[in-house]
Amino acid sequence: MSTPSGVSTPSGTSIITGTKRVLVTGCAGELGRRLVARLATESWVKEVVGVDRHCLAGTWPKLEAHTFDLEAPDAAEELAALGKGASTLVHLAWSPSPGPNLDILRAVTYAAEAIEPSQLVFMSSATVYGAWPDNPVPLTEDVEPRPNPQFTYAVQKRAAELALERWAAQDDRPGVAILRPACAVGPLEQPLYRALTVSGRSSNERMVQYLHVDDLAAAVVHAIEHDLAGVFNVAPDAGIPEDIARALVGGTAGLPLPARLRGLVVHARSTHDSLTGRRWPAGSKPYASNTWVVAADKLKMTGWAPEYSSEEALVVTDQRPHWDDLSQSKRVGVTLGATAALAGVVAAGGAALVRSRRS
């Protein structure tokens, strides 16, 4: 049996033997790929059906992968046909464009009504709690979600939660497990993670939190095996001080820059990274400035345990060169390169300011 690079298989033996057929939407994504690989190794899983608009890389025993678009007009019918007999439906699929997500969710719930699984697992996000100065630390499931209105991702995740809660309240509906993970990190480039790593100030008071994507996949497997229902935060710990996270992050984020230039870089990166050309998610600035760490005690009490702490997750998934690991000559080169880039940022900002004043 082969597994894709970066996918670890869980240890231990389940008391259940080959009884569950699991349907997973969004199986070709970073989390979905790891999830189906794990499920395929579990003795209590009979079959895994994965669907995604992209082709899933890799093959595993027990896995039946299908490529189709959940935004298609007949998506609900096709999903119902593929998932016939499924005991659990896991909905991971999420479009980067906000428009279709609630329509996709409706297709998934329509399919679930035809499939009649005993459980539906939805991947939400801890961002639904919002990033506010008065947040309790840490946030528990008892706290009422209040996502920052400018951050569409969090607003839509909360809208999806509410829609699922209304749907599940009707008779003959399956148990619904809503997972709210902290900021998940993995080997791929993740704009949300990058945005949350840079804040408007360096602080040892603001807490940040990082969840390894393998631990998130393990949490989904755990929720399926134990037929969990309800809302569960997913996080390794109560977070770490921002200054510690900054010290652990490699690359230019760890450069010892003068305060004046540092402020300019932080301001520029709030919407756009001038060094890499990446844009941060619109409306995410409060999430990079306020504390919104969550407590996962409720999930841990059911038996789930993370493998990585926030510190470990941040270090093992950061593929950039760490500042402390660089030789003196490389540090000089990186510093000079960053300084030159920053000079361009300053010059561009100054020119824009002059143009603004002249107009």
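The values are calculated or read from the model by the stated rules, or taken from the named source; none is laboratory data. Because the structure is a prediction, the values reported are computed rather than measured. Because the Cβ atoms are built from the backbone with ideal geometry, glycine has one as well, and the counts that use them run over all protein chains shown. The protein model used for the area step is the full one, side chains on, heavy atoms only, and it has no ligands, DNA or RNA in it. Shrake-Rupley method; radii C 1.70, N 1.55, O 1.52, S 1.80 Å.
Screening the candidates Gly303, Gly263 for the property of being open to solvent by less than 60 Å² (accessible area, probe 1.4 Å), part of a loop (DSSP other than H, G, I, E, B) and either modelled with pLDDT of 50 or more or not polar (S, T, N, Q) (or both) yields one hit, Gly303.
Under the condition of being part of a loop (DSSP other than H, G, I, E, B) and out of contact with any helix residue (DSSP H, G or I) (no Cβ under 8 Å at 6 or more places or on another chain), which residue from region 151-185 is least open to solvent (accessible area, probe 1.4 Å)? Only one residue tops the list, namely Ala169.
Could you please find all residues in region 229-240 being of a type in the set (A, V, I, L, M, F, W, C) and under 19 Å from Ala163 (Cα atoms)? Outline the logic, then answer.
We begin by selecting, within region 229-240, every residue of a type in the set (A, V, I, L, M, F, W, C); these are 229, 231-232, 234-235, 238, 240.
Answer for region 229-240, where residues must be of a type in the set (A, V, I, L, M, F, W, C) and under 19 Å from Ala163 (Cα atoms): Ala229, Val231, Phe232.
May I ask you to list the residues in region 205-252 that are touching a Gly at 6+ places or on another chain (Cβ under 8 Å), in a helix (DSSP H, G or I), among the hydrophobic types (A, V, I, L, M, F, W, C) and closer than 28 Å to Gly26 by Cβ? Selection gives Val213 alone.
Right, Arg38: touching a residue at least 40 places away in the same chain (Cβ under 8 Å) and either among the hydroxyl-bearing types (Ser, Thr, Tyr) or in contact with a Ser or Thr (Cβ under 7 Å, 6 or more places away or on another chain) (or both) or not? Considered against the rule, which asks whether it is touching a residue at least 40 places away in the same chain (Cβ under 8 Å) and either among the hydroxyl-bearing types (Ser, Thr, Tyr) or in contact with a Ser or Thr (Cβ under 7 Å, 6 or more places away or on another chain) (or both), Arg38 comes out as yes.
Residue-by-condition table, conditions (1) among the hydrophobic types (A, V, I, L, M, F, W, C); (2) in a loop (DSSP other than H, G, I, E, B); (3) in contact with a Cys (Cβ under 7 Å, 6 or more places away or on another chain); (4) more than 25 Å from Ala169 (Cα to Cα):
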residue: Cys55; (1), (2), (3), (4): yes, yes, no, yes
residue: Lys84; (1), (2), (3), (4): no, yes, no, no
residue: Pro133; (1), (2), (3), (4): no, yes, no, yes
residue: Val143; (1), (2), (3), (4): yes, yes, no, no
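Can you confirm whether region 96-114 contains a residue that is within 27 Å of Ala238 (Cα to Cα) and in contact (Cβ under 8 Å) with a residue 40 or more places away in the chain? No, because not a single residue in region 96-114 is within 27 Å of Ala238 (Cα to Cα) and in contact (Cβ under 8 Å) with a residue 40 or more places away in the chain. For region 23-32, indicate whether the set of residues that are closer than 30 Å to Gly303 by Cα, open to solvent by less than 40 Å² (accessible area, probe 1.4 Å), of a type in the set (D, E, K, R) and touching a Ser or Thr at 6+ places or on another chain (Cβ under 7 Å) is non-empty. No, because not a single residue in region 23-32 is closer than 30 Å to Gly303 by Cα, open to solvent by less than 40 Å² (accessible area, probe 1.4 Å), of a type in the set (D, E, K, R) and touching a Ser or Thr at 6+ places or on another chain (Cβ under 7 Å).
For region 118-150, the set of residues classified as touching a residue at least 60 places away in the same chain (Cβ under 8 Å), open to solvent by less than 20 Å² (accessible area, probe 1.4 Å) and among the β-branched types (Val, Ile, Thr) consists of Val121, Thr127, listed by residue number.
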